[in-house]
Amino acid sequence: MPLTLSHLTPARRDLLAMMEAALAAVDPFAAVQRFLRREGDVLHIGDTTLSLADIDRVWVIGAGKAGAPMAQAAEAVLGAHIAGGVVVVKHEHVVPLAHVELREAAHPVPDEAGLAAGEAVLALAEQATERDLVLCLISGGGSALLEALPEPLTLEELQATTTALLRSGATINELNAVRKHLSCVKGGQLARAIAPATLVTFVLSDVVGSPLDVIASGPTVPDASTWAEVAEIIARYRLADSLPDAVRVRIEQGAAGALPETPKADDPLFERTSVYIVGDNGQAAEAALRAAETRGYSGMILTTFLEGEAREVARVAVALAREVQANSRPLAPPACLILGGETTVTLRGEGKGGRNQEMALAAALVLAGSEDITIGALTTDGSDGPTDSTGAIVDGSSVARAMQQSLDAAWYLAQNNAYPLLDATGDMLRSGPTNTNVNDLLFILVR
């Protein structure tokens with residue numbers, strides 16, 4: 001779906017074109033087909049080949065916001081060779097498929113549908129034999145969408161824990177370390193169920209630096225996190241009193257050595273597994289850079305490792321823009337600086353949050369009254385936090401347009417409630433589900 005924005009200027013049109021180029025570059029269907037093709041009974045997977053004559057059955061499983069087009073790509077290559085499959089996607093992300101069942105579930109807080117889907121994926125995985133091939137399609141959002149719980153944990157306890165972590169400002173790496181130790185499928189445990197079948201995982205990365213054990217909580221790869229690390233995260237964010245008793249007890253037992261660790265790299269179950277990253281934030285950033293240059297901007301990707309509190313990152317973004325404007329560093333205008341990664345929001349107010357909206361509103365406050373600087377914040381999955389926003393584009397006029405409607409931008413930021421203000425000023429980006437997910441992109445445009 002195309003990106004839409006109510007308040008348009010030439011700079012904003014340029015940014016929309018760059019953003020759409022970025023999204024096109026990480027199309028999940030094309031990404032999978034770059035790594036999977038068939039010539040008769042010969043299946044090419046990355047740089048290896050398999051004979052379908054040596055495989056009894058092919059199963060397709062997976063989870064994530066990009067799961068539907070990834071499954072479409074697998075079906076386009078393998079067709080009737082697929083014996084069956086279950087892929088879990090976010091609600092309203094379903095497309096027609098012939099051989100793979102799509103299950104819908106909630107994100108970012110798991111629901112009953114996600115638990116049922118996780119049990120279905122786990123049951124299918126356990127059917128796989130030594131002569132079977134399992135294709136696992138993983139993308140961002142899989143941590144919430146794919147779940148199976150150890151007894152005696154309940155969905156309500158998992159939901160409460162997830163919500164507490166999301167509100168705390170914990171990074172995705174920290175959040176997923178905890179999730180993996182409250183699960184039967186995360187942190188390599190799905191691979192344990194699949195063994196001894198041949199397992200190939202295709203990953204569309206939504207995590208800074210693409211650590212495989214963090215993306216969708218690494219269900220098919222060795223887990224680097226430990227019970228001790230989980231206990232440290234809970235202590236760091238002072239969450240012990242916010243957690244349900246059963247969760248706190250499980251973490252205490254694990255840290256004391258009474259529960260087994262998740263599978264590590266030396267576990268023999270990974271001997272017949274392989275993993276391919278088919279798309280990531282860098283690909284999206286590079287496509288945006290090319291689009292910027294075709295429009296006459298000097299362009300530079302500053303990083304794809306962007307992290308930090310959204311409103312603080314916003315101040316840095318504006319500082320970079322002013323350096324370009326005043327001193328032509330690191331580029332002379334017209335210039336476009338691109339940063340990729342994922343920020344966080346610590347919720348202190350009563351709003352919904354949304355890291356890209358919060359970053360945009362914080363930037364708008366610092367930019368107020370300035371000219372020739374435009375800041376764009378894009379979430380590549382089309383859903384910024386628990387909202388239908390894809391992010392926002394702001395400039396020096398954004399706060400003034402809010403004031404014309406008697407909206408106090410500073411108050412809305414303090415409430416972590418950028419959504420209604422950006423919606424009213426026409427600065428809100430929307431796209432609907434993009435069916436991809438490779439983190440966020442931050443654009444700094446100086447004309």
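Assorted remarks:
- Residue check for Ala231: assigned to a helix (DSSP H, G or I) and either small (Gly, Ala, Ser) or out of contact with any Leu (no Cβ under 6 Å at 6 or more places or on another chain) (or both): yes
- Test for Asp266: is it closer than 25 Å to Thr48 by Cβ and either of a type in the set (D, E, K, R) or surrounded by fewer than 22 Cβ atoms within 10 Å (Cβ to Cβ) (or both): yes
- Inside segment 42-79, residues that are small (Gly, Ala, Ser), surrounded by fewer than 14 Cβ atoms within 10 Å (Cβ to Cβ) and either under 19 Å from Ala128 (Cβ atoms) or under 17 Å from the mean Cα position of the chain (by Cα) (or both) make up a count of 2.
- Residue match in segment 80-99 (condition: buried (at least 21 other Cβ atoms within 10 Å of the Cβ) and in a helix (DSSP H, G or I)): no
- Scanning segment 368-381 for residues that are in contact with a Ser or Thr (Cβ under 7 Å, 6 or more places away or on another chain) and at pLDDT 95 or above yields Leu378, Thr379, Thr380.
- Comparison of Ala402, Ala364 shows that the only residue that is aliphatic (A, V, I, L, M), touching an Asp or Glu at 6+ places or on another chain (Cβ under 9 Å), free of Cβ contacts under 8 Å to residues at least 40 places away in the same chain and more than 25 Å from Leu165 (Cα to Cα) is Ala402.
- Filtering segment 405-419 to residues that are without any contact (Cβ under 8 Å) to a residue 12 or more places away in the chain and closer than 22 Å to Thr344 by Cβ leaves only Trp411.
- Listed by first and then second residue, the pairs linking a residue in segment 35-48 that is in the same structural domain as Ile138 (by TED's automatic domain parsing) to a residue that is of a type in the set (D, E, K, R), with Cβ atoms under 6 Å apart and 6 or more places separating them unless they lie on different chains, are His44/Arg37.
- Those residues of segment 274-331 which are crowded, with 20+ Cβ neighbours inside 10 Å and touching a Lys or Arg at 6+ places or on another chain (Cβ under 7 Å), in sequence order: Val278, Ala310
- Residue pairs whose Cβ atoms lie under 9 Å apart, separated by 6 or more positions or on different chains, with the first residue in segment 316-336 and under 7 Å from Val446 (Cα atoms) and in contact (Cβ under 8 Å) with a residue 24 or more places away in the chain and the second part of a helix (DSSP H, G or I) and of a type in the set (Val, Ile, Thr), are Pro333/Val324; Ala335/Val324.
- Exactly one residue out of Ala125, Ala144, Ala164, Ala170 is buried (at least 18 other Cβ atoms within 10 Å of the Cβ) and either among the polar types (S, T, N, Q) or modelled with pLDDT of 95 or more (or both), and it is Ala125.
- Count of residues meeting criterion [under 18 Å from Lys186 (Cβ atoms) and free of Cβ contacts under 8 Å to residues at least 40 places away in the same chain] in segment 260-276: 2
The values are calculated or read from the model by the stated rules, or taken from the named source; none is laboratory data. Keep in mind that this is a model prediction, so the values were computed, not measured. In this analysis, Cβ positions are derived from the backbone assuming ideal geometry, glycine residues included, and neighbour counts consider all displayed protein chains.
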